[in-house]
Amino acid sequence: MNDAIKIRILQGDPIIHDVKNASLPKLFRGLPSIEDKACFSGCNKCQEVCPTNAIKLNPVSINLGLCVFCPLCEETCPEKIIHFTNNYHLAVDSKEKLIVIKQTKTVSPEIASEKIRKYFGKSLKLRQISAGGCNGCELELNALSNVNFDMGRYGIEFVASPRHADGVVITGPITQRMTKATEICYEAVPNPKIIILFGACAISGGIFQNSKEIQRKFLEENKIDLFIPGCPPHPLTFINGLLDWLKNV
Amino acid sequence: MKSLEVQNNQLFDRDATRFLEKDEFRNTVSELMQNGSRMIALTPVDKSDPQKIIAVLADSNSSNIHIAGGNFSDGKLEFESWANEFPQTNYFECELSENYGYAPVNHPWLRPVRKQNVILRDKPYHFFKLEGEEVHEVAVGPIHAGVIEPGHFRFQCHGELVYNLEINLGYQHRGVEKLFLRANPNQRIILSESIAGDTTIGHTFAHCNAIESLSQTQLSLRAEVIRTIAAEIERIAMHLSGLGGAANDIGFALPASSYGRLRTLAINSLAAICGSRFGRGLFLYGGVRFDLNDEIKNTVTDNLKIIQNDVHQINEYLFSSVGALSRFEETGIVKKDLAQSVGLVGLAARSSGLEEDVRNQFPYGAYRYNPISMITLSTGDVFARARLRALEIDETLRFIFDQIETLPQGEIKSEVGNVAANAGVVSIVEGWRGEIVHIVFTDGNGNLLNYKIKDPSFNNWYGLSLALRETAISDFPLCNKSFDLSYAGHDL
């Protein structure tokens with residue numbers, strides 16, 4: 001018993017109390033900012049180095065759904081136009097909002113509909129589907145339940161059965177061999193239900209976008225409610241995305 | 001010499017491999033295994049010319065890697081299977097058969113590796129089935145109860161006892177090896193970071209070593225040391241995660257959540273070094289992207305000091321609990337002889353008493369100058385696999401503190417040369433699970449011709465299957481967690 005108390009005291013107070021304004025390591029790469037400066041004429045170095053074709057030029061824009069948040073464009077740009085800020089608030093509710101341009105200072109999802117908030121605002125149970133994820137996203141989703149992030153305090157939890165769930169969180173580019181299972185799992189979730197895409201692979205295929213082994217029809221046929229960019233996204237990006245969307249806090 | 005002998009990360013001429021006639025090839029490989037070598041790959045050199053294959057074998061005693069070539073140009077892709085005599089080749093033969101249509105004659109149990117609904121030997125493949133009174137089958141997956149990767153498990157049980165567990169994977173197959181051949185160098189690093197997201201550094205380490213060997217790039221000592229520090233922090237993080245998982249699976253909440261808290265400290269240390277909690281973005285060809293300045297050194301040291309202090313007390317609490325020990329001890333046993341014959345690697349092998357550690361036996365990077373101790377246990381049960389994690393965390397912490405204190409001065413990036421044409425290299429790295437192998441061949445222009453990856457999970461999934469024999473099915477989650485294998489790394 002004494003030992004147990006000793007271990008409990010060691011735990012201290014590890015929880016992140018203010019999930020909106022937590023400070024992350026200096027080098028953490030969050031929301032990119034694009035400075036209002038002209039590119040060298042003809043320069044397309046950032047576009048050339050980008051491993052996932054996330055960058056468009058004239059004017060410069062970055063697609064957060066494709067971006068794997070590697071530092072290549074930032075370190076390559078001769079004019080230092082692209083810079084990754086520490087801002088981990090990245091979740092959005094539409095594909096259009098994934099595009100970061102010069103004017104973009106922050107991104108956030110629109111507040112969910114009255115119905116969604118009434119049903120899920122205080123309690124949201126999610127079933128996770130790993131469809132080709134490399135286990136990076138899965139580890140970050142698991143981290144949401146640890147003592148640091150403790151997502152359960154907001155009434156948001158992962159459940160074992162899709163029948164108990166209010167929606168699915170998909171990770172990975174959806175491999176050919178997971179298409180059937182993904183459909184069956186989604187079908188088993190009772191209505192109304194939501195779909196959240198977690199990570200670059202799920203949102204756009206990411207680094208696997210040109211693989212012949214993936215099949216993304218499911219995503220075209222169903223409405224996506226929330227996009228969580230990152231490779232993998234930080235747990236706080238997920239929590240804040242949901243809280244902003246559900247206006248829970 | 002009938003086979004080519006190379007070292008880890010040694011550049012060799014692609015034409016240096018002699019392609020022997022089939023029977024001679026078979027005998028050469030048998031002889032090598034007889035003398036204690038272990039198969040690490042069975043693959044064509046050139047994917048478009050599958051009639052010429054190589055068997056790559058590693059000899060842990062002499063630190064040599066043997067490459068034997070076989071010529072099947074007469075059109076008949078058949079050879080007498082080694083697997084009856086050397087069960088370790090079983091899965092490699094299945095893979096070769098699935099990918100290139102080879103028929104290993106008299107193979108004891110040809111099964112699919114990454115495909116479902118396949119036809120083998122002209123018949124649709126069915127799972128192994130046990131028949132008899134009171135026998136029942138349990139099917140699980142591909143989607144499991146927790147937040148984990150997909151895979152299908154078939155248990156043949158008699159009451160609570162598992163007689164056989166067949167593991168059917170491939171759901172995560174994204175075509176990584178093929179993508180490597182088409183990718184540009186920037187994409188290749190991101191790809192290697194995404195082979196198995198829990199072993200980001202391990203796989204990227206192996207990939208960079210391979211490319212740097214092919215381009216004759218010499219790294220600064222400082223860059224080498226920063227790489228190994230990152231690799232060892234990854235080991236600590238995932239070992240803590242494994243211990244937390246084991247505690248969680250026996251319903252022991254306090255240690256489970258404590259290990260979880262310490263893991264956060266470990267991966268946040270990686271984020272302090274390079275911005276990503278998994279070490280993404282740290283590696284580039286020729287060195288590392290981020291230096292360890294004094295501020296980061298202090299952050300990392302402070303975090304690891306807390307881990308060192310706390311993990312001792314938590315380990316003591318967990319491993320002195322009678323309840324925990326009764327669940328861990330003599331559960332999911334893989335004995336040494338069995339582990340050796342099926343070719344287990346890494347953590348699982350060392351828990352069964354095998355001396356297998358790439359860092360000692362095929363040293364690379366900074367391990368060549370700064371050795372780290374290999375730790376083995378003998379019981380091969382869940383206890384050994386959990387306890388070994390605890391012991392390795394201790395040794396790894398000692399190693400990192402040493403390295404940080406004596407960090408060499410110098411640049412962190414070196415000039416990268418051109419990738420050699422018509423060359424090959426075998427790069428082996430000890431990830432936290434075990435031996436990671438990347439084998440690369442280039443064509444006449446220095447473009448990649450074949451990229452073969454072997455995650456330690458490829459060897460060890462069968463170990464989990466064997467651990468479950470005669471074990472209660474209710475112990476499956478615990479056994480599974482004690483191996484903690486990668487689906488993505490296996491499926492590629």
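Computed from the coordinates by the stated procedures, all read-outs in this text should not be read as laboratory data. Worth saying up front: this structure is predicted, and the values here are computed from it rather than measured. When we count neighbours, we look across all protein chains shown, and the Cβ atoms used for this are built from the backbone with ideal geometry, even at glycine.
So what's region B:432-492 giving for Rg/Rh, alpha carbon basis, Kirkwood Rh from the mean inverse pair distance? List each step's numbers first, then the result.
On the way: Rg = 16.3 Å, Rh = 13.5 Å.
With Rh from the inverse mean 1/r over Cα pairs, Rg/Rh is 1.20.
Could you give the size of the charge dipole of region A:8-147 about its Cα centre, using +1 on the Cβ of each K and R and -1 on the Cβ of each D and E, expressed in debye and rounded to the nearest 20? Display every interim value, and only then the final one.
Working: 18 positive and 14 negative charges, 99 e Å.
Result for region A:8-147 is approximately 480 debye, rounded to the nearest 20.
By its C-alpha gyration tensor, with a ≥ b ≥ c as the square roots of the eigenvalues, how is region B:57-193 shaped: rounded for a/c under 1.5, else prolate for a/b larger than b/c, else oblate?
Cα axes put region B:57-193 in the oblate bin.
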Give me the number: length gained by fully extending A:Ile5 to A:His17, i.e. 0.36 nm times residue separation minus the C-alpha to C-alpha distance, one decimal in nm.
2.0 nm
Given the C-alpha atoms of the protein assembly as shown, compute the convex hull and give its volume per residue in Å³.
158
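Please state, to two decimals, what the Cα-based radius of gyration of region B:275-337 comes to when divided by 2.2 N^0.38 Å (N = residues).
On the way: Rg = 19.3 Å, N = 63, 2.2 N^0.38 = 10.6 Å.
Normalised by 2.2 N^0.38 Å, the Cα Rg of region B:275-337 equals 1.81.
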B:Asn61-B:Ala103 pseudo-label distance in nm [points 7 Å out on the Cα-to-Cβ vector]:
3.7
Per-residue ³J(HN,Hα) for region B:246-255, Karplus 6.51 cos²θ - 1.76 cosθ + 1.60, θ = phi - 60°, Hz, x for Gly and Pro:
5, 5, 5, 6, 9, x, 9, 5, 5, x
From largest to smallest, what semi-axes in whole angstrom does chain B give when each is the square root of 5 times an eigenvalue of its alpha carbon gyration tensor?
33, 32, 18
Cα-Cα over 31 Å, subset of A:Lys217/B:Lys76; A:Lys95/A:Lys115; A:Lys193/B:Lys452; A:Lys105/B:Lys481; B:Lys22/B:Lys178; B:Lys454/B:Lys481
A:Lys217/B:Lys76; A:Lys193/B:Lys452; A:Lys105/B:Lys481
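Please grab the % of Cα pairs in region B:184-320 that end up more than 18 Å from each other.
On the way: 5281 of 9316 pairs.
Cα-Cα pairs in region B:184-320 separated by more than 18 Å: 57 percent.
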Which aspartates and glutamates, if any, have their Cα less than 17 Å from the Cα of A:Lys97, not counting same-chain residues under 8 positions apart?
A:Glu110, A:Asp225, A:Asp244
Counting other chain Cβ atoms within 10 Å of each Cβ in A:147-160 and taking the mean gives 2
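Given a cut-off of 20 Å, what percent of all Cα-Cα pairs of region A:114-247 lie beyond it?
On the way: 3604 of 8911 pairs.
In whole percent, the long-distance tail amounts to 40.
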Roughly what % of DSSP beta bridges within chain B run antiparallel, to the nearest 5?
90
If you bin every alpha carbon distance in region A:1-89 into 5 Å steps from zero, what whole percent lands in each bin?
3, 12, 19, 17, 11, 8, 7, 5, 5, 5, 4, 2, 1, 0, 0
Efficiency of FRET from Cβ geometry, B:Asp394 and B:Glu5, R₀ 30 Å, rounded to 0.05:
0.25
Roughly how many Å is it from the Cα centre of region B:140-181 to that of region B:190-225, as a whole number?
28
Read phi for every residue in region A:117-126 and hand back ³J(HN,Hα) as whole Hz from Karplus 6.51 cos²θ - 1.76 cosθ + 1.60, θ = phi - 60°, with x for Gly and Pro.
5, 5, 6, 10, x, 10, 8, 10, 10, 10
P(r) of chain A over all Cα-Cα pairs, 10 Å bins starting at 0, rounded to whole percent, reads 7, 30, 33, 20, 8, 2, 0, 0
Show me, bin by bin at 5 Å from 0, the whole-percent P(r) of region B:14-76 based on Cα pairs.
4, 19, 29, 24, 14, 7, 2, 0
In terms of the charge dipole of the protein assembly as shown, which places +1 on Lys and Arg and -1 on Asp and Glu at the beta carbon, the residue among A:Phe40, B:Ser3, B:Val56 farthest towards the positive end is A:Phe40
If I take R0 = 22 Å and measure r between the Cβ atoms of B:Phe128 and B:Ser474 in this structure, what FRET efficiency does the formula 1/(1 + (r/R0)^6) give, to the nearest 0.05?
0.55
Rounded to the nearest 5, what % of DSSP beta bridges with both residues in region A:93-249 are antiparallel?
5
What residues of region B:298-312 lie in the reach of a label at B:Leu407, counting those whose backbone N is under 19 Å from a point 7 Å from the Cα along Cα→Cβ?
B:298-308
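Please report the projected area of region A:96-182's Cα convex hull averaged over all directions, in nm².
Values: hull surface 32.4 nm².
Hull-based average projected area comes out at 8.1 nm².
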Just the ratio, please: alpha-carbon radius of gyration of region B:1-117 over 2.2 N^0.38 Å, N its number of residues.
1.01
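Calculated from DSSP H runs of 4 or more alone, at -39500 (n - 2.57) each and per residue, what is the 222 nm mean residue ellipticity of chain B, nearest 500? List each step's numbers first, then the result.
Working: 16 runs with 205 residues, N = 492.
Result for chain B, helices only: -13000 deg cm²/dmol.
Report the rotationally averaged projected area of region B:346-469 based on its alpha-carbon convex hull, in square nanometres. Present the calculation step by step, with values, prior to reporting the outcome.
On the way: hull surface 38.1 nm².
So the Cα hull casts an average projection of 9.5 nm².
If I take R0 = 30 Å and measure r between the Cβ atoms of B:Glu166 and B:Asn447 in this structure, what FRET efficiency does the formula 1/(1 + (r/R0)^6) give, to the nearest 0.05? Walk me through the intermediate numbers first.
Numbers: r = 39 Å, r/R0 = 1.31.
That pair, B:Glu166 with B:Asn447, gives E of 0.15.
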In a Gaussian network model of chain A with springs linking alpha carbons closer than 10 Å, the residue among A:Glu74, A:Glu114, A:Glu140 that fluctuates most is A:Glu114
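Ratio of region A:166-207's C-alpha Rg to 2.2 N^0.38 Å, to two decimals? Don't skip to the end; give the middle numbers.
Values: Rg = 10.7 Å, N = 42, 2.2 N^0.38 = 9.1 Å.
Computed over Cα atoms of region A:166-207, the ratio equals 1.17.
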Among all the aspartates and glutamates, which ones have a C-alpha under 15 Å from A:Lys37's C-alpha, if same-chain residues fewer than 8 places away are not counted?
A:Glu74, A:Glu79
Where both residues lie in the protein assembly as shown, what percent of DSSP beta bridges are antiparallel, nearest 5?
75
Expressed as a percent, the portion of alpha-carbon pairs in region B:134-198 spaced more than 13 Å apart is 71
Spelling out what I want: for every residue of region B:62-69, take phi, set θ = phi - 60°, compute 6.51 cos²θ - 1.76 cosθ + 1.60 (Karplus), and round to whole Hz; glycine and proline get x.
9, 6, 9, 10, 9, 10, 10, x
